[in-house]
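The values are calculated or read from the model by the stated rules, or taken from the named source; none is laboratory data. Given the structure is predicted, the values throughout are model-derived calculations rather than measurements. Because the Cβ atoms are built from the backbone with ideal geometry, glycine has one as well, and the counts that use them run over all protein chains shown.
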Amino acid sequence: MAETFDVVVLGVGGIGSAACLHLARGGARVLGLEQFSLVHDRGSSHGESRIIRQAYFEHPDYVPLLLRTYDHWRDLERATNQTLFHQTGLILSGRDDSETIVGARLSATLHGLTLESLSPEAAHARWPAFRFPLDHTVEFEPAAGTLRVEACVQAHVDEARRHGADLRDHETVRDWNSNGNAVVVRTDSNEYHAKSLVITAGAWASRCVADLGVPLNVLRKFVAWFPIRSGEYRVSQGTPTYFFEQPHGTFYGFPSLDGQTIKVAEHSGGQVVSDPATVDRTRHDSDTERLNEFVAAHLTGIEPVPVRHSVCLYTVSPDQHFVVDLHPRWPNVAVACGFSGHGFKFAPVMGEVLADLIKHGRTSLPIRFLGLSRFTPG
């Protein structure tokens, strides 16, 4: 006999685990289904760290969601009695007319956020470990910092279970259907009935929402850790996260969380993946060339040869903004996908949004600019 729940959540990664928590905390009987282990390294919510920031250069409309997500992260820290967020600040380095600098300043101005402008020389004097191009402007956001990504997902998982959510791993969804009032979800081993469905399937979202007609490209992203020889990069020393926009690409990195290595990656570029299940996770010379050049040019005292690596998946929407909405045909199905490599920091507020959509059919949070209507012709 099929098991019955109020809500089934497909995918218990960064966004899905938060959705499970908010739904369960609201009193729903929640089933979360994950095809891999919980807190796995096959998708987009792993790799030690993620940047969190408020002066959002991608679009100022994200800022109210960011302010809300900051509150949620702090609440989650208190609930689990652990540190998930290191507020070390963020260095933004780019030309004065770059998307990064112009966009961050716009968001800061519109929303009253704090940014500190520095010349390359002043920035180097303040953070001697970094070298900045002389034609760059540097903006420092003190409210930004680093999230411990696996710990964040685990915290959402633990809290969701504490509130009664049933989270099951190593169970792959084969198909689902809805009649607008109820859903049926079939996996490789079971069938489940529910009133509502939440789809947070990450790189596998296209298979779950093919009927929406929104093209989502999955990109293979290589991430590397480089050895450090001094304490100046350690998070305990207050080293900021950093993001450099250059004409040939954008690069970012983090303070050392383990005291031995720092994580560096390229936000631009990436290879399109036809099947996320078979993505190449080995390291190639082509993966490291640009990162090695960035490290050699901008980070002092580091041998530009990585000692370990990881592969992450970006699921990119056509305009690189998130896709968060109710299904246009089935009002009991909510979709959150296409987070385009900058979504993890929003996980808890996206959990709240999805719980609102399922419970009320709407949310008071400002997500209209992320809706499906923007892909409708005319």
Quickly run through the stretch 280-315 and pick out the residues that are of a type in the set (Val, Ile, Thr) and touching a Leu at 6+ places or on another chain (Cβ under 7 Å). 315
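This table checks each residue for (1) assigned to a helix (DSSP H, G or I); (2) at pLDDT below 95.
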position: 192; (1), (2): no, no
position: 195; (1), (2): no, no
position: 198; (1), (2): no, no
position: 207; (1), (2): yes, yes
position: 215; (1), (2): no, yes
position: 220; (1), (2): no, no
position: 223; (1), (2): no, no
How many residues does the stretch 13-43 contain that are touching a Ser or Thr at 6+ places or on another chain (Cβ under 7 Å), buried (at least 23 other Cβ atoms within 10 Å of the Cβ) and either in a loop (DSSP other than H, G, I, E, B) or of a type in the set (S, T, N, Q) (or both)? 1
Which ones in the stretch 237-269 are closer than 22 Å to residue 218 by Cβ, of a type in the set (Gly, Ala, Ser) and either within 16 Å of the chain's Cα centre (by Cα) or assigned to a strand (DSSP E or B) (or both)? 249, 265, 268
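Consider residue 78 carefully, then state whether it is part of a helix (DSSP H, G or I), outside the structural domain of residue 247 (by TED's automatic domain parsing), charged (D, E, K, R) and without any contact (Cβ under 8 Å) to a residue 24 or more places away in the chain. Please lay out each step first, then the result.
On the way: part of a helix (DSSP H, G or I): yes; outside the structural domain of residue 247 (by TED's automatic domain parsing): yes; charged (D, E, K, R): yes; without any contact (Cβ under 8 Å) to a residue 24 or more places away in the chain: yes.
Taking the combined requirement at face value, the residue satisfies it.
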Within the stretch 2-12, does at least one residue satisfy the condition of being part of a loop (DSSP other than H, G, I, E, B), over 19 Å from the mean Cα position of the chain (by Cα) and more than 24 Å from residue 87 (Cβ to Cβ)? yes
Can you say whether residue 147 is surrounded by 14 or more Cβ atoms within 10 Å (Cβ to Cβ), within 30 Å of residue 34 (Cβ to Cβ) and touching a residue at least 12 places away in the same chain (Cβ under 8 Å), as far as the supplied structure shows? yes
Looking across the stretch 230-243 at residues that are crowded, with 21+ Cβ neighbours inside 10 Å and touching a Gly at 6+ places or on another chain (Cβ under 7 Å), the single one that is farthest from residue 256 (Cα to Cα) is 242
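Name the one entry in 29, 50, 42, 74 that is of a type outside the set (Ser, Thr, Tyr) and closer than 17 Å to residue 267 by Cα. Full working, then the answer.
Working: 29 fails: closer than 17 Å to residue 267 by Cα; 42 fails: closer than 17 Å to residue 267 by Cα; 74 fails: closer than 17 Å to residue 267 by Cα.
Being of a type outside the set (Ser, Thr, Tyr) and closer than 17 Å to residue 267 by Cα holds for just one of 29, 50, 42, 74, which is 50.
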Tally up the residues in the stretch 112-139 that are surrounded by fewer than 17 Cβ atoms within 10 Å (Cβ to Cβ) and assigned to a loop (DSSP other than H, G, I, E, B), please. 8
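May I ask you to list the residues in the stretch 89-111 that are more than 20 Å from residue 250 (Cα to Cα) and buried (at least 20 other Cβ atoms within 10 Å of the Cβ)? Outline the logic, then answer.
Residues of the stretch 89-111 that are more than 20 Å from residue 250 (Cα to Cα), as a first pass: 108-111.
108, the sole residue that qualifies.
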Got a number for residues in the stretch 337-371 being closer than 29 Å to residue 272 by Cα and outside any helix (DSSP H, G or I)? 9
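Here is a list: 266, 293. Which entry is acidic (Asp, Glu), surrounded by 13 or more Cβ atoms within 10 Å (Cβ to Cβ), touching a Lys or Arg at 6+ places or on another chain (Cβ under 9 Å) and at pLDDT 95 or above?
Numbers: 293 fails: touching a Lys or Arg at 6+ places or on another chain (Cβ under 9 Å).
After applying the criteria, what remains is 266.
Kindly indicate whether residue 311 is surrounded by fewer than 20 Cβ atoms within 10 Å (Cβ to Cβ), out of contact with any His (no Cβ under 9 Å at 6 or more places or on another chain), β-branched (Val, Ile, Thr) and not in a strand (DSSP E or B). Please lay out each step first, then the result.
Working: surrounded by fewer than 20 Cβ atoms within 10 Å (Cβ to Cβ): yes; out of contact with any His (no Cβ under 9 Å at 6 or more places or on another chain): yes; β-branched (Val, Ile, Thr): yes; not in a strand (DSSP E or B): no.
So residue 311 fails the test.
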